[in-house]
1. Of the residues in region A:74-99, how many are at pLDDT 90 or above and of a type in the set (D, E)?
2. Need pairs with beta-carbon distance below 9 Å; first residue under 14 Å from A:G79 (Cα atoms) and free of Cβ contacts under 8 Å to residues at least 60 places away in the same chain and within region A:94-108, second part of a loop (DSSP other than H, G, I, E, B) and small (G, A, S); sequence gap 6+ or separate chains.
3. I'm checking my understanding of the structure. Among residues of region C:131-147 that are β-branched (V, I, T) and open to solvent by less than 60 Å² (accessible area, probe 1.4 Å), which one is farthest from the chain's Cα centre (by Cα)?
4. Since C:V212 meets every condition but one in (1) at pLDDT 90 or above; (2) within 21 Å of C:L153 (Cα to Cα), which condition does it not meet?
5. Would you please name the residue that is nearest to the other protein chains (Cβ to nearest Cβ), looking only at residues in region B:110-145 that are on the phi > 0 side of the Ramachandran plot and outside any helix (DSSP H, G or I)?
6. Just wondering, is there one or more residues in region C:119-130 that are open to solvent by 50 Å² or more (accessible area, probe 1.4 Å), farther than 16 Å from C:G33 by Cα, in contact (Cβ under 8 Å) with a residue 60 or more places away in the chain and over 23 Å from the mean Cα position of the chain (by Cα)?
7. Do you know which residues across region B:1-37 are loosely packed, with under 13 Cβ neighbours inside 10 Å and hydroxyl-bearing (S, T, Y)?
8. Could you tell me whether A:D113 is in a helix (DSSP H, G or I) and surrounded by fewer than 22 Cβ atoms within 10 Å (Cβ to Cβ)?
Amino acid sequence: MILRVKDLSVRLGGSHILQGVTFDVPPSGVTALLGRNGVGKTTTLRAVLGEVPAVGTVEFGGEPVLGRPTHRLVRSGLGYVPEDRCVFAGLTVAENLRLAVRDPDPDYETVHDLFPELRARAGQRAGTLSGGQQQMVALARVLLNRNRLLLVDEPTKGLAPAVVSAVASVLARVAEKVPILLVEQNLAVVRRLALGAVVLSAGRVAWTGAAGELLGDAGRTRTLLGVGRAA
Amino acid sequence: MKRFVPLVVLAALLALPYSTLRIPGVFEGGLNTPGTLQMLAICLVFGGLALGYDLLFGRAGLLSFGHALYIAAGAYGTDILISHFGWSLWASVAFVVPAVALLAALLGAVALRTTGIAFSMVTLAFAQVGWIVVNRDPGGLTGGEEGLPLDSAGLPSALVGVANTANLYWLALAFLLVVVVVVHGIDRAPLGRVLTGLRDDERRVSVLGLSTYGLKLGTFVLAGTLAGLGGSVHALIVGGASPHLASADLTLSLIVMAVLGGAGTRWGAVVGGIAYAYLDQRLTQVGGGLPGPLSQPLFVLGSLFVLAVYFAPGGLTGVLRRRERPA
Amino acid sequence: MSTVILLFLTGLGLAALYFLIASGLSLVFGLAGVLNFAHGLFLSVGAYATWWAAPRWGLALAVVFGIAAGAATGALVEVVLIRPLYRRHTEQVLVTVGLSLAGVALLQSVWGADPRTYPRPSWASSVTSIGSAQVPVDRFLLIGTAVAVLLALLAFLHKTRYGLIIRAGVENRDMVSALGIDVRRAFTLVFTIGGALAGTAGVLGGFYFGSVSPGQGASLLIFAFIVVVIGGLGSVTGSAVAAVVVGLLQQFVNYYGAAGAGDVSVVVLLALVLLLRPSGLARTAATV
């Protein structure tokens, strides 16, 4: 297991957002982290990264990492693609990428191969890009470096259907090399990419297993995720 | 039993001018000497001013850097009407306090369009205008850097003369009592919970369908009004108004008082204000005898404050409460 | 006409001082989220360090010493006082408030409350004629220094990796950490730069006013705050533009209006700007 989360709890502003979350992420393929809005998916990722104070255990590559500063954890090979992409709007595309480089030999080849558009737009301010293009920048930032695990938070949120499928294809290619923990609302994307699935409900893990098993059972999908749009 | 502690303290404070007790090292003379009574009166006024400020800072979470403006407006307004225009004390106060409230409403309406640090800076800038005006002595009204002594001709005889210092002391106590009743009244009312909600998470309050802008403005005006009243009382006790009342340093010291005592708690700001004003005056009295920077009250108080932020985040009252708890 | 030229250059000289203070404040606030009340203390430390060193080591070395003292104070304050309160912004502001009160009192206890005559290079106290106006040369020293600092800051922010980190951090410091960068090292850096610039302002302010006193930093600081808010928090270019506007407005209105009217007009300008675009100013600027 590349990531083991045990009894992870988070309290923020008096509310108990995570109440003992436990799950593992295998060292290959895509693991989906699912659940209704507000159950704590993003908080789980941010707690693993050390961006919110948490108690419990988090092991990354066999080492306990909870309490380690975010930047050191990231440098040990954990790539993060946040919700809403968080590209630096005032910086150019090239500057956004240059900032993210931490390996001595950044893999611009893969990035330009996956996103030829970014090379053409290198001098453009990231704030003026479309949502899909910003998502490319956000993904490119983690692909420049060698990582042992990627945390990817809602990469298709707010994107047009054609762009969603392009992003999903990129993630499928990336997942051949690096394991991904993926938060995703679009179940079609989950069905296409994910091997395993972890479902959160009210700050706890409600279900773990194979993604296909979960999505194959319409009733269970509805109770756990509260959606009827299982494609 | 604990409920009666404030009443016992109040009774003791009321009776204090009848005591001839001497506490060497703490006060220069006996408790009922005019010097000690005036010093205590100033402490009580600052206890009230600090609690009024804490309505903004500790309760509503509004970090205003311009509270001195309203104190100075109260002090100078009252002083000018009495000394230059020959108004009676009561007429002056009855005019000045609502006028200060209006001033707070106007400036607060602008400043509260911003939030966070920008709000702090805007209030600071507005108060700076007050500081400039007071120092420039427009039309000879404010007396510039020298300040404006209060003309005692317009005052009731009971408030004039060294022999009547006890009356000034009771006046200061009355002001503190008014602030305590108002602020604690708000704490107990549903409004108090809404205000702390505002401080902790503004979105939650606006979800309840309440206008956060209106609430904050109301609090700002109320705190400004109490400050204006306190300024008037201060002018009576020290016999005039001085530019220090309008300075940014005064607002900063109100923050220090609230935090030292325990911001947002029932009695924290009162205790902090009294302790600060006492130390400030006492260190000035004995300062000449202390070596180096210790002769500067602000050095001692500023350093104490920085230490308190690290080591006693709940302030004096927080420390006392922690002592109590394990027992 | 000669009055206008003199007022214009004097206003620009004042603007130069405001800019030197405001640019550091703005970067510190934009990146670290700290409203730094101790910034005026950095200025006073720089000014007094030069004043102290000038008769001992000569003015040139003393100026370098003053700037270094400002920078060292900035770095020290960040590492010792601000860093332990990481992310607790109100406490950080409170600590800088306490520090500014205690620091000014400390200077006062050592060198007294009264202004001290400031050493000046002889050429800076001479006068030159521009058209019909007699303009003191120190105005050009101030303006020249501020322009050089502006250009150097922009080059630093746009051409170096640390500049890139600072610009990104002003937008979103959590995301900078999430890219594997220790953003707190950048905090120390901006405090050091801010301290050095404030120290420079202290020395130049000494030349400009001809004297130094413990409270000098605090009174300049308030106008620098106004410049920072008008210019946009976190924006160096914005600070430069706002400093020029504020400096000129203040000089001209003070001369042609009533005494003190210039200072008041600056506050009115602040209120107007806030009324017209309140959210635009509360937000950090997108570009540095």
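The values are calculated or read from the model by the stated rules, or taken from the named source; none is laboratory data. These numbers were taken from a predicted model, which means no experiment stands behind them. No Cβ is skipped: glycine too gets one built from the backbone with ideal geometry, and neighbour counts run over all protein chains shown. Just so you know, the surface numbers come from the protein's heavy atoms only, side chains and all, with ligands and any DNA or RNA stripped out. Shrake-Rupley method; radii C 1.70, N 1.55, O 1.52, S 1.80 Å.
1. 1
2. As it stands, the answer is A:L97/A:A122; A:A100/C:G180; A:R102/C:G180, since those pairs meet every condition given.
3. C:V135
4. It fails just one condition, (2).
5. B:D137
6. Yes, region C:119-130 contains at least one residue that is open to solvent by 50 Å² or more (accessible area, probe 1.4 Å), farther than 16 Å from C:G33 by Cα, in contact (Cβ under 8 Å) with a residue 60 or more places away in the chain and over 23 Å from the mean Cα position of the chain (by Cα).
7. Selection gives B:Y18, B:S19, B:T20.
8. Answer is yes for this residue.
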